[in-house]
1. To make sure I understand, if each residue's beta carbon is the centre and we count other beta carbons within 10 Å, what order do CYS47, CYS83 fall in, fewest to most?
2. In the stretch 64-78, whose amide N lies under 11 Å from the spot 7 Å out along Cα-to-Cβ of ARG24? List them in ranges.
Amino acid sequence: MGALDAFEHDARVRVLVLASALERYFSAGADLQTFRELGEKDMDRWCELVHGIVGKLRHSTKPILAAISGVAVGGGLEMALHCDVRFAARNARLGQPEININFIPRSVPPRRWSGSSVGPPPCATSTTARSSMPRRRKR
């Protein structure tokens with residue numbers, strides 16, 4: 001969270017772009033097996049951490065963009081949904097696999113599932129959605 005604080009307070013930085021250094025993965029989120037093994041106190045700590053990050057993303061005074069390339073599932077997709085604008089590459093695959101273990105993400109209000117985005121809409125199923133952007137013709 002220190003990087004988000006630094007971004008917010010640095011007057012030289014006017015916009016944040018969340019992206020991955022790996023072309024095949026934007027973010028895979030948390031390990032679902034870990035959720036199964038967490039006790040109540042550990043889950044509470046994890047939720048506090050997630051809500052702290054979400055709060056910083058949602059209340060930033062500067063625009064935050066998500067540049068989604070590759071897989072964005074679970075918490076990775078949720079993080080992108082909290083950005084002001086989302087851009088999805090043709091290879092983007094979006095999904096919420098945690099619903100397979102009856103874990104419904106609460107960090108994303110329903111209205112954030114729509115909103116401003118360029119690319120495919122996120123899906124709320126256990127499968128992933130592929131980008132449906134039309135291909136540009138080469139000149």
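1. CYS47, CYS83
2. Counting only backbone N, you get 71.
Readers should treat all values here as calculations from the given coordinates under stated rules, not as data from a laboratory. From a predicted model like this one, the values you see are computed outputs, not experimental measurements. Glycine gets a Cβ as well: all are built from the backbone with ideal geometry, and neighbour counts include every protein chain shown.
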